[in-house]
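Values in this text are rule-based calculations from the coordinates and carry no lab data. Keep in mind the model is a prediction, meaning the values are calculated, not measured. In this analysis, Cβ positions are derived from the backbone assuming ideal geometry, glycine residues included, and neighbour counts consider all displayed protein chains.
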There are 2 protein chains.
Amino acid sequence: MPAVSDIKTGLSAEQYALIAAFRYELRRFLAFSEAAAAAVGLPPQQHQALLAIAGKPGVSTIGSLAEQLLIAPHTAAELVARMVESALVTKTMGAQDRRRAELALTPKAEALLHRLTADHLKELEILEPALAKALGRITDADR
Amino acid sequence: MPAVSDIKTGLSAEQYALIAAFRYELRRFLAFSEAAAAAVGLPPQQHQALLAIAGKPGVSTIGSLAEQLLIAPHTAAELVARMVESALVTKTMGAQDRRRAELALTPKAEALLHRLTADHLKELEILEPALAKALGRITDADR
DNA sequence: CCTTTTCATATCGTATTACGATATATATAT
DNA sequence: ATATATATATCGTAATACGATATGAAAAGG
């Protein structure tokens, strides 16, 4: 039986600490990522949008982008508008379905994303162990 | 040798897809967490603050909270002010060092956090495999 | 076919929240 | 005792996602 715990639910100060630790590791990664994006002049969500477009097999649209980013379609439309404005993304209205806006990265965006991704891979080498461990401890614990 | 890749850097569409997939899993967890907090009337950052205070061994202060949440101290001060306002946190100025504000959860906050944490543990049981796998694939890949 | 409904995207006003710049009070050091 | 550092606070600002709503295009129903 655990030292300091709520018998009824199994929740204890330790459980809070485990989840808090996981969230802290998450924050460290996200903070790194935001800083890296900012360093090349990108708002964090624009970085994510570029990644989503580049990582998607096939053609991205406003709708598929919204789905991947878990935002509302009209929010994705605004995001894309800002990125078209800053020459990161091109928007071509679909040939068969003229409602759909097909998205593609400009060379400028590809260069930025390439660099960012290399940096992320390097940083993830460092952060991964702590992140994986923190996550594992949570799900191992309540068993 | 990988199918479609940039020889010089090892970066490929697959790498983008791997990182994008990881970020997507991350988003799913964060979206769940935000929704769960919202369902009990808490802004997401206030939930994190409660968790940080509850999970910290020893006494929390504005400064320690800022550190855990990776925000500036003055931002933490504002956050705490909002939480004191809504009777989630009590702030007691330190006895020896009267600059420090010692933080504690109110019973109301403890009840909310308890419930949220139980929900998070349950959801993490579900999300953990995909999250761990997505993370593992990134660091396994570039080796 | 032509009208209704649904789908994909767009626009506008609003609210939240973190930040920079700055301020104040207390503690520590010279 | 004064200077410097530390802990927290305040105010104005900016970024961005959302709700409500709108528009145009495609699909479905009769």
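A few notes on this one:
- DSSP H segments from chain B that extend 24 Å or more along their own axis, Cα-based, with Kyte-Doolittle mean of 0.0 or above: B:13-39
- Label point distance in nm, residue A:115-residue B:115, each placed 7 Å from Cα along Cα→Cβ: 4.8
- Applying a threshold of 24 Å to the alpha-carbon distances of A:91/B:133; A:133/B:133; A:91/A:122; B:56/B:133; A:122/B:133; A:56/A:108 flags A:91/B:133; A:91/A:122; B:56/B:133 as lying beyond it.
- Residues listed by number, the range A:36-70, amide nitrogen under 12 Å from residue A:30 label point at 7 Å toward C-beta: A:45
- At most 16 other Cβ within 10 Å, DSSP loop - trypsin sites (Lys or Arg not before Pro), the range A:41-126: A:98, A:99, A:100
- C-alpha center-to-center spacing [the range B:79-140, the range A:53-69] in angstrom: 33
- Net charge of the neighbourhood of residue B:64, taken over other residues with C-beta under 12 Å away and scored Lys/Arg +1, Asp/Glu -1, is 0.
- At an R0 of 30 angstrom, the distance between the Cβ atoms of residue B:137 and residue B:85 translates into a FRET efficiency of 0.10.
- Other residues with beta-carbon under 15 Å from the beta-carbon of residue A:36 carry, at +1 per Lys or Arg and -1 per Asp or Glu, a net charge of +1.
- Value of D in µm² per second that Stokes-Einstein yields for chain B, Kirkwood Rh from Cα pairs, at 20 °C (1.002 mPa s): 122
- Stretching the chain fully between residue B:100 and residue B:130 yields a gain of 6.6 nm (0.36 nm per residue, less the alpha carbon separation).
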